[in-house]
Amino acid sequence: MAYEVVSADYVVEHRGEVPVVDVRPRPMFSRGHVPGAINIPIDEMEASSDGDLDVHYGIAFDTAGIGKHDEAIVMCQTGMHAQMVCDMLDGLGFDGLKLYQGSWQDWASDPSRPVVVDQAVVEA
C-alpha cells in the first residue's frame, strides 16, 4: 500500500495546498463537500469504464492535474469507495495519495469545519 491514511486534522492543515478529491456521486457532492474539493464521481467512472475502472480513474486524476507522484487527499462518504480508488491508483503507480478514512461522514460531524452547501461556503 503506497498511500497514507490521514485524519480530518491532516485535511484541515493541508486543504488548499493538497487537492481533495471526493469520489461520491454528483448529487451527494452537491449537497455538501469540503471547500475546494474536486468531484470525480465513482458511479460515473464505473458507468463509462468498460471494466477498466482503474485506468479511467488514472485518466481522470491526470485530467484534474494530479499526476502519479503528486499528493492528493481522496475521500467519499465513509471512506470505503475512497479506499477502493486509492487501491486502484496504487496499482497504477500513484504514490502520493492520502486516504481520508473518515471522509464526509467524519468531516460533516464537526460543525467547526467549513463546508460547501449548494455552492455557498458555510463557516462555523
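Each reported figure results from applying straightforward, stated rules to the coordinates on display, with no laboratory input. The structure presented is a predicted model; accordingly, all values stated were derived computationally and were not measured. Every residue, glycine as well, gets a Cβ built from its backbone with ideal geometry; the counts of neighbours run over all protein chains shown.
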Given the structure, is residue 109 without any contact (Cβ under 8 Å) to a residue 24 or more places away in the chain, touching a His at 6+ places or on another chain (Cβ under 9 Å) and either loosely packed, with under 14 Cβ neighbours inside 10 Å or farther than 19 Å from residue 1 by Cα (or both)? no
Going through (1) of a type in the set (Ser, Thr, Tyr); (2) crowded, with 17+ Cβ neighbours inside 10 Å; (3) in contact with a strand residue (DSSP E or B) (Cβ under 9 Å, 6 or more places away or on another chain) one by one, residue 57 fails only at (3)
